[in-house]
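Each remark here refers to the structure printed beneath this line.
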């Protein structure tokens, strides 16, 4: 079931939105007539993608990765042969962070840490096989030293790092192919192991 509608996440969503409304960023929601962004995708995914924060498209839609970066992420998901019930997407900060000039800026460490308890609760509730970290803001709460294309252990899960889709868009929409291929092989091995376990 879709994570935004799942009964499994009903109480968590309620607490999450209440917490977000007390954030220093919430004034941005009021000023832009925007929305708090919880997530999108399955409530029982194998793969959890974690990004940075909403942009203008996400602020309007109330869902993560629905703009240009989202289109590239959807392309990756297709290349990884993930079905709708195989993945979910969240951000470390659910409210659009804007500068005084009304431009998108990276979330601060303080803002990321404010939402960290809920990021961890969502991860725990989902319990994915692998977490794909999209950019430095996402990786900062897991492992600041993780490198591009690297797979590491985090608690009882595995984390994998790739630059944020917006990075590749700034570079002509290219340069991600090798890293996606590494992730594709990792997921292929996981499917093989799962089929042997279930045999």
- Task: Could you check how many residues of the range 73-88 are in a loop (DSSP other than H, G, I, E, B) and in contact (Cβ under 8 Å) with a residue 12 or more places away in the chain?
- Result: 3
- Task: Tell me, please, whether a residue that is touching a strand residue (DSSP E or B) at 6+ places or on another chain (Cβ under 9 Å) and in a helix (DSSP H, G or I) can be found in the range 139-149.
- Result: yes
- Task: Give the range 51-72 a look and list any residue that's closer than 25 Å to residue 85 by Cβ, assigned to a helix (DSSP H, G or I) and either in contact with a helix residue (DSSP H, G or I) (Cβ under 8 Å, 6 or more places away or on another chain) or modelled with pLDDT under 95 (or both), or say none.
- Result: 57, 58, 69, 70, 72
- Message: Let me confirm something: among 48, 12, which residue is part of a strand (DSSP E or B) and either surrounded by 17 or more Cβ atoms within 10 Å (Cβ to Cβ) or in contact (Cβ under 8 Å) with a residue 60 or more places away in the chain (or both)?
- Response: 48
- Among the residues of the range 97-111 satisfying the criterion of being assigned to a helix (DSSP H, G or I) and without any contact (Cβ under 8 Å) to a residue 40 or more places away in the chain, which is farthest from residue 190 (Cα to Cα)? 110
- Query: Only one of these conditions is not met by residue 131: (1) under 23 Å from residue 74 (Cβ atoms); (2) without any contact (Cβ under 8 Å) to a residue 40 or more places away in the chain; (3) part of a strand (DSSP E or B). Which number is it?
  - Reply: (2)
- Message: Against the definition (under 13 Å from the mean Cα position of the chain (by Cα), buried (at least 18 other Cβ atoms within 10 Å of the Cβ), under 19 Å from residue 20 (Cα atoms) and touching a residue at least 24 places away in the same chain (Cβ under 8 Å)), how does residue 137 come out, yes or no?
- Response: yes
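Tell me yes or no: at least one residue of the range 174-183 is assigned to a loop (DSSP other than H, G, I, E, B) and closer than 22 Å to residue 12 by Cβ.
Within the range 174-183, the first condition is being assigned to a loop (DSSP other than H, G, I, E, B), and the residues that meet it are 174-176.
Next, from what is left, pick out any that are closer than 22 Å to residue 12 by Cβ: none.
Within the range 174-183, none of the residues are assigned to a loop (DSSP other than H, G, I, E, B) and closer than 22 Å to residue 12 by Cβ.
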- Message: Being under 22 Å from residue 69 (Cβ atoms), touching a residue at least 24 places away in the same chain (Cβ under 8 Å) and surrounded by 15 or more Cβ atoms within 10 Å (Cβ to Cβ) narrows it down to one residue among 114, 167; which is it?
- Response: 167
- Task: Return the only residue of 188, 174, 144 being surrounded by fewer than 20 Cβ atoms within 10 Å (Cβ to Cβ) and either within 17 Å of the chain's Cα centre (by Cα) or modelled with pLDDT of 95 or more (or both).
- Result: 144
- Within the range 89-96, identify whether any single residue is assigned to a helix (DSSP H, G or I) and touching a residue at least 12 places away in the same chain (Cβ under 8 Å), and answer yes or no. no
- Task: Working only within the range 58-102, note down all residues that are within 15 Å of residue 4 (Cβ to Cβ), more than 12 Å from the chain's Cα centre (by Cα) and surrounded by 23 or more Cβ atoms within 10 Å (Cβ to Cβ).
- Result: 58
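The values are calculated or read from the model by the stated rules, or taken from the named source; none is laboratory data. The structure displayed is predicted, hence computed values, not measured ones. Reconstructed Cβ throughout: ideal geometry from the backbone, glycine too, with neighbour counts over all protein chains shown.
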